[in-house]
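The values are calculated or read from the model by the stated rules, or taken from the named source; none is laboratory data. Being a predicted model, the structure only gives us computed values, none of them experimental. Don't worry about glycine lacking a Cβ; one is built from the backbone with ideal geometry, like all the others, and counts go over all protein chains shown. With ligands, DNA and RNA removed, areas are computed over all heavy atoms of the protein, side chains included. Shrake-Rupley method; radii C 1.70, N 1.55, O 1.52, S 1.80 Å.
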Amino acid sequence: QTYYRPTSKMFARNARTAAASGARLLNTSAKTASNNSALVGAAAAAVVGGCVMATEASPAQNASSLMSMLSSINDKVSNIEKAIGAAEEPVESFMFTSESVNEGHPDKLADQVSDTIVDACFAQDADSHVACETCTGTKFVMIFGEITTNAVFDYEAKVRQTVKEIGFDAPEKGLDYKTFKFINNIHAQSVEINASVSGRGQKPEEVGAGDQGHMFGYASNETPELMPLTHSLATGLGFQLTTVRKNGVLPLLRPDGKTQVTIEYEKKGGFIKPKRIHTVVISTQHDPAYTQAKLKEDLMEYVIKPIVPADLIDDNTIFHINPSGLFTIGGPEGDGGLTGRKIIIDTYGGWGAHGGGAFSGKDPTKVDRSAAYYCRWIAKSLVAAGLAERALVQVSYAIGVAEPLSVFVDTYGTGVKSDAEILSIIHDNFDMRAGMLVRELDMLKPKYKKTAAYGHFGNCARPADSDFTWEIPKKLKY
């Protein structure tokens, strides 16, 4: 049995005419149609015409074959709709996780020590070239790397002060600022590198990038600071842990700790919306006198409730608080620490992209740092201007070359203009030469130590700090 059988040669001839007309209509509409509906209609006419021809050519097709043909037509029309932007995107759900670590985590201690040295150099010499690495372990802190500066200061005193401010003031906490062994293995920057990137005697527009590489910036309208919500919450929880430890609300907490937040999102095309918080994880170092029951009660009341939006928590939200049990041994005694090992925590919590270069310990001639800050500024300015709901920006450089080699933008389909048009807006509003971007964001000053914990971007821990110049959106002209 068949659901369709041509009854005359006239009908077949009409089918061929319909197919030819549909094809002509598709071709004409693609050039002149004023709206997407016309294009979809034309495409459907062409496809249906083709179906009629196929049916006339095979009059004995069964029901299964015809249903398959209709399904194929539907798929083709759907693909055309998607191609021209007329399709209704399906709503999908996914889960995404970001983590953070506190300032007492060994890797973050190392980042802060390295940026302490950067600040000390720039406090006296804005032409300093700094690449300071730090490693730390049981009862020691070592700085090493390359520094060329006219600044003169006591390296050891600076490092010990930073360790003290973090809260490592007794051996039982994992490090004691008064007694740890300090090692200084700093030496001067390579004369070859210095010759190609030095700003001394050069105009700002002539200064070359301090290294090759590619850097990214990202922004999303999920939060007031235009950052991913998973990252902002993980970072905010870590900062709140430190706040209640230092202000005496929870004095039995110790400096080391980690946080993690998983959120269920709704996705429609490139547009995303947080639906609910799936899981919150907090692991914090603590005094042995703190019982696990009391610790969980206090963290829910004084850390989680002030930070996590109540409307995103439901009966199924999971809370893991010190899931491994006791966490009294921490800091460098618990784990070794190195500068630059928390690059995802430092940026967007896994969202967007990362070029691989760390920030801390580097002066702003290193585009790993300065251009990444600049890309964040560009992305945030685009989203703040309403040009897109999400934006990812990439630039790349060659060592000693001032101009970027490439500039890229992706608005994930959320832009009010095409990505090509938005790229043109970027070129018209931002000077991405290595020496110029440093000056536009006022980077030649001692302001880096405070970036080294709780995120370089978003500034949820320090919302009123004007030193985070890349967090102040630029007014765009377009």
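Of all the residues that make up segment 202-248, how many are in contact (Cβ under 8 Å) with a residue 24 or more places away in the chain, more than 28 Å from T136 (Cβ to Cβ) and not in a helix (DSSP H, G or I)? Of the residues in segment 202-248, 19 are in contact (Cβ under 8 Å) with a residue 24 or more places away in the chain, more than 28 Å from T136 (Cβ to Cβ) and not in a helix (DSSP H, G or I).
A Cβ distance below 6 Å, combined with a sequence gap of six or more or placement on separate chains, defines the contacts here; from segment 289-318, residues that are over 27 Å from K173 (Cβ atoms) reach residues that are open to solvent by less than 30 Å² (accessible area, probe 1.4 Å) in the pairs L312/I277; I313/I277; T317/I277; I318/T279. In segment 303-329, of all residues being open to solvent by 50 Å² or more (accessible area, probe 1.4 Å) and of a type in the set (G, A, S), the one that is farthest from the chain's Cα centre (by Cα) corresponds to S324.
Across segment 252-286, the qualifying residues are those that are charged (D, E, K, R) and within 30 Å of S93 (Cβ to Cβ), and the one among them that is most open to solvent (accessible area, probe 1.4 Å) is K273. Taking the conditions (1) open to solvent by less than 30 Å² (accessible area, probe 1.4 Å); (2) of a type outside the set (G, A, S); (3) within 22 Å of D211 (Cβ to Cβ) in turn, D431 satisfies each one other than (1).
Tell me the residue from L382, L392, L423 that is under 18 Å from K474 (Cα atoms), of a type outside the set (V, I, T), open to solvent by 30 Å² or more (accessible area, probe 1.4 Å) and outside any loop (DSSP other than H, G, I, E, B), please. Before the answer, list the steps.
Working: L382 fails: open to solvent by 30 Å² or more (accessible area, probe 1.4 Å); L392 fails: open to solvent by 30 Å² or more (accessible area, probe 1.4 Å).
Checking each option against the conditions leaves just L423.
Checking each residue in segment 101-139 for being out of contact with any Gly (no Cβ under 6 Å at 6 or more places or on another chain), closer than 20 Å to D176 by Cα and among the hydroxyl-bearing types (S, T, Y) picks out T116, T134, T138. Checked against the criterion of being among the basic types (K, R) and in contact with a Lys or Arg (Cβ under 6 Å, 6 or more places away or on another chain), segment 409-424 contains not a single residue that satisfies it.
W377 meets each of the listed conditions (1) open to solvent by less than 40 Å² (accessible area, probe 1.4 Å); (2) in contact with a His (Cβ under 9 Å, 6 or more places away or on another chain); (3) in contact (Cβ under 8 Å) with a residue 60 or more places away in the chain apart from (2).
For the structure I just gave you, tell me whether G349 is on the phi > 0 side of the Ramachandran plot and touching a Leu at 6+ places or on another chain (Cβ under 8 Å).
No; evaluated as a whole, the condition is false for this residue.
Residue-level check: of (1) more than 27 Å from I117 (Cβ to Cβ); (2) assigned to a loop (DSSP other than H, G, I, E, B), A402 misses just (1).
Among the conditions (1) open to solvent by 70 Å² or more (accessible area, probe 1.4 Å); (2) among the small types (G, A, S); (3) in a strand (DSSP E or B), the only one that A289 does not satisfy is (3).
The conditions of being open to solvent by 50 Å² or more (accessible area, probe 1.4 Å) and modelled with pLDDT of 95 or more are not met by P332.
When V159 is tested against (1) modelled with pLDDT of 95 or more; (2) surrounded by fewer than 20 Cβ atoms within 10 Å (Cβ to Cβ); (3) more than 30 Å from V281 (Cα to Cα), just one condition goes unmet, and that condition is (2).
State all residues of segment 265-295 that are closer than 20 Å to G415 by Cβ and of a type outside the set (D, E); if no residue qualifies, say none.
Just the residues of segment 265-295 that are closer than 20 Å to G415 by Cβ, to begin with: 265-273.
Within segment 265-295, Y265, K267, K268, G269, G270, F271, I272, K273 meet the criteria.
Scanning segment 304-343 for residues that are assigned to a helix (DSSP H, G or I) and in contact with a helix residue (DSSP H, G or I) (Cβ under 9 Å, 6 or more places away or on another chain) yields I304, P306, I307, L312, G331, P332, E333, G334.
Kindly provide the set of residues from segment 100-111 that are open to solvent by 10 Å² or more (accessible area, probe 1.4 Å) and in contact with a helix residue (DSSP H, G or I) (Cβ under 7 Å, 6 or more places away or on another chain), ordered by number. Before you say what the answer is, go through the steps one by one.
In the first step, residues of segment 100-111 are kept if they are open to solvent by 10 Å² or more (accessible area, probe 1.4 Å); the result is 103, 105.
Residue satisfying the conditions is E103 alone.
Tally up the residues in segment 441-458 that are within 22 Å of the chain's Cα centre (by Cα) and surrounded by fewer than 22 Cβ atoms within 10 Å (Cβ to Cβ), please. So the count comes out to 4.
Of the residues making up segment 459-469, not one is in a helix (DSSP H, G or I) and open to solvent by 40 Å² or more (accessible area, probe 1.4 Å). The set of residues from segment 426-439 being assigned to a helix (DSSP H, G or I) and either free of Cβ contacts under 8 Å to residues at least 60 places away in the same chain or among the small types (G, A, S) (or both) comprises I426, H427, D428, N429, A434, G435.
Of the set (1) open to solvent by less than 20 Å² (accessible area, probe 1.4 Å); (2) more than 20 Å from K173 (Cβ to Cβ); (3) part of a helix (DSSP H, G or I), all apply to Y348 but (3). Of the residues P255, P274, the single one that is under 30 Å from I329 (Cβ atoms), in contact (Cβ under 8 Å) with a residue 12 or more places away in the chain and not in a loop (DSSP other than H, G, I, E, B) is P255.
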